[in-house]
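To start, the structure under review is shown below, and the notes come after it.
Bear in mind these aren't lab numbers, they're just calculated from the coordinates by the rules spelled out. Small disclaimer: the values here were computed from a predicted structure and weren't measured. Note: ideal-geometry Cβ built from the backbone for every residue, glycine included; neighbour counts use all protein chains shown.
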Amino acid sequence: MQHAFGATLKCVRLYPAEIDRPVLLVLRALKLGDLLVAVPAIHGLRRAFPDHFLTLAMPGWLAPVIELVHGVDALLPTPGLDELLPVPAGAVDIAVNLHGNGEESRRIIDHLGARLVIAHRSAGVDGPPWQDGLLERRRWVHLVNAFGADAHEDDVGIAVPQVPSVQPGCVVIHVGAFYGSRKWPVERFAAVARALSGDGETVVFTGSAADEERARQVATLAGVGHVLAGKLALDGFAAVVAAARLVVTADTGAGHLASAYGRPSVVIFGPAPPEEWGPPPGGRHVVLTDARVRKGDTFSEAPDPAMLAVSSTAVISAARDLLVRFRT
């Protein structure tokens with residue numbers, strides 16, 4: 001599936017390139033939020049192996065944000081795990097599996113024939129055992145640190161894009177989500193927008209091109225706000241979040257961008273538990289959910305009950321509190 005955010009490579013090179021250093025390749029062929037929760041581990045690998053050519057095997061549409069991750073040298077566009085990487089066996093010195101611990105990702109890593117494989121324990125790899133239920137950032141930090149890195153789970157920061165925000169100082173209401181299980185009702189987003197606009201905040205509605213109609217529904221119901229869904233390239237979206245007063249979102253990449261830039265956020269969790277995917281501590285991020293009714297079906301077309309249990313009143317209250325406490 002082609003993602004609706006645009007991607008243009010500016011600084012980070014495509015792999016293969018002219019390389020005069022040993023290659024360290026990291027596999028994580030997933031989405032924006034998955035990239036961002038792997039940033040602490042990537043930072044740790046950069047510090048541990050400063051002389052290596054650090055290449056990320058990730059989807060090409062993520063290029064504008066990959067460029068913002070310190071220390072990355074190249075991108076090998078990798079849309080998924082269906083095919084082996086187009087890299088000759090032995091060309092990679094260190095292969096790192098930050099994708100998972102399944103047969104598909106292990107097969108891709110094994111095919112590289114690397115001198116050192118950093119991965120969870122399996123046949124031929126003496127790594128730490130896989131543990132269910134871990135905070136995702138902690139999982140990958142724990143993995144790379146087992147191989148000598150010095151990674152820290154809350155080291156989530158990335159660079160601010162060079163492109164300016166089209167609406168600095170706004171409240172971002174991110175209405176989109178890849179799966180229906182994470183789509184909070186449009187009526188509730190509209191109520192939040194109406195309340196915060198009434199407080200004097202400038203509200204924008206973001207999402208991919210696939211979310212544009214949904215964003216327009218929210219704006220129509222709210223009677224306020226500016227629809228940016230479908231109008232921003234990925235670096236433009238990151239720039240809007242980086243300069244925002246507040247981000248309101250379901251558990252999506254927008255929430256992880258807010259964490260990366262230290263922007264206050266209200267994150268509504270549905271099928272995924274915040275204990276595994278939640279933001280860093282520190283008071284800037286408020287998580288709202290109801291674990292008692294969570295079904296946990298990520299691929300459901302209907303919003304998870306844990307998300308539906310969160311009222312617009314609760315989100316408005318949390319948002320107002322953050323806006324008062326963090327006025328910058």
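A few remarks follow.
- Amide proton proximity set for Arg121, modelled H, under 5 Å, gap of 5+: Gly127, Trp130
- Projected label distance in nm at Glu103 and Thr313, using a 7 Å step from Cα toward the beta-carbon: 5.2 nm
- Nonlocal amide H pairs with Asp150, under 5 Å, H built at 1.01 Å: Ala48
- Ranking of Lys31, Lys183, Lys295 by count of other Cβ atoms within 10 Å, fewest first: Lys295, Lys31, Lys183
- Debye equation applied to the C-alpha atoms of the range 171-325, log10 I(q)/I(0) at 0.18 Å⁻¹: -1.03
- Longest segment of the chain lacking GluC sites (Glu not before Pro) that sit in a DSSP loop with at most 12 other Cβ atoms within 10 Å: 84-300
- Net dipole in debye of the chain [+1 Lys, Arg Cβ; -1 Asp, Glu Cβ; about Cα centre; nearest 20]: 780 debye
- The range 259-328: chymotrypsin sites (Phe, Trp or Tyr not before Pro) falling in loop per DSSP and having at most 13 other Cβ within 10 Å: Phe299
- Candidates Gly133, Gly296, Gly71, ranked by Gaussian network fluctuation over the chain, Cα under 10 Å, top entry: Gly133
- Average projection area in nm² (convex hull over Cα atoms of the range 115-180, one quarter of hull surface): 8.5 nm²
- Label-to-label distance, nm, for residues given as Leu14 and Glu187 (7 Å Cα→Cβ offset): 4.8 nm
- Exposure proxy order (Cβ contacts within 10 Å, fewest to most) of Val117, Val247: Val117, Val247
- Between the range 267-304 and the range 78-120, the C-alpha centres lie 30 angstrom from each other.
- Qualifying trypsin sites (Lys or Arg not before Pro) for the range 54-115 [loop in DSSP, other Cβ within 10 Å: at most 15]: Arg115
- For the range 102-111, 3J(HN,Hα) per residue [Karplus equation, 6.51 cos²θ - 1.76 cosθ + 1.60, θ = phi - 60°, Hz, x = Gly/Pro]: x, 4, 5, 5, 5, 4, 5, 5, 4, 5
- Phi angles of the range 227-238 translate, via the Karplus equation with coefficients 6.51, -1.76, 1.60 and θ = phi - 60°, into HN-Hα couplings of 7, 10, 4, x, 10, 10, 6, 4, 5, x, 5, 4 Hz per residue; Gly and Pro are given as x.
- In order along the range 267-284, the phi-based Karplus estimate (6.51 cos²θ - 1.76 cosθ + 1.60, θ = phi - 60°) of 3J(HN,Hα) comes to 10, 9, 9, x, x, 8, x, x, 5, 9, 10, x, x, x, x, x, x, 7 Hz; Gly and Pro are listed as x.
- Sequence-distant residues sharing a close amide H with Leu76 (under 5 Å, placed H): Tyr15, Leu56, Ala57, Met58
- The alpha carbon centroids of the range 207-247 and the range 173-191 are separated by 12 Å.
- Segment Ala291-Asp321, length gained on full extension (0.36 nm per residue, minus Cα span): 8.5 nm
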